[in-house]
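Reviewing the structure listed below.
The values are calculated or read from the model by the stated rules, or taken from the named source; none is laboratory data. Model, not experiment: these values are computed from the prediction. Cβ placement follows ideal geometry from the backbone for every residue including glycine, while neighbour counts extend to all protein chains displayed.
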Amino acid sequence: MASSGQDVSSFFTNKFTVVRPVQRVNLDLTEGMLRQLDERAIRLNISRQAVIKTLLERALNEERTQPKRRRTK
């Protein structure tokens, strides 16, 4: 339709999610950790990378929501 010059604006909602830029990092893991990640990935039917991102995000969110602990000397 758009190629023929017809108005296609009704197909757009202007509701979208902003995707933040991604930065690639290297990570060294033990064989045992990789094995556990792969087992979880297989069980959840998702990629190893998705497992790592999910677990990391969960840990960061958990840390953010917990009250701050005071350090004792």
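Flag: residue 38 matches the condition of being of a type outside the set (Phe, Trp, Tyr), modelled with pLDDT of 95 or more and touching a helix residue (DSSP H, G or I) at 6+ places or on another chain (Cβ under 9 Å). Checking 26, 45, 61 one by one, the residue that is on the phi > 0 side of the Ramachandran plot and either of a type in the set (S, T, N, Q) or surrounded by 10 or more Cβ atoms within 10 Å (Cβ to Cβ) (or both) is 45 and no other.
Among the residues of the stretch 56-73 satisfying the criterion of being over 22 Å from residue 22 (Cβ atoms) and assigned to a helix (DSSP H, G or I), which is modelled with the highest pLDDT? Looking at the filtered set, the residue picked out is 62.
A search for C-beta distances below 7 Å between a residue of the stretch 42-55 that is part of a loop (DSSP other than H, G, I, E, B) and any residue that is of a type in the set (A, V, I, L, M, F, W, C) and surrounded by 12 or more Cβ atoms within 10 Å (Cβ to Cβ), counting only pairs 6+ apart in sequence or on different chains, returns 47/41.
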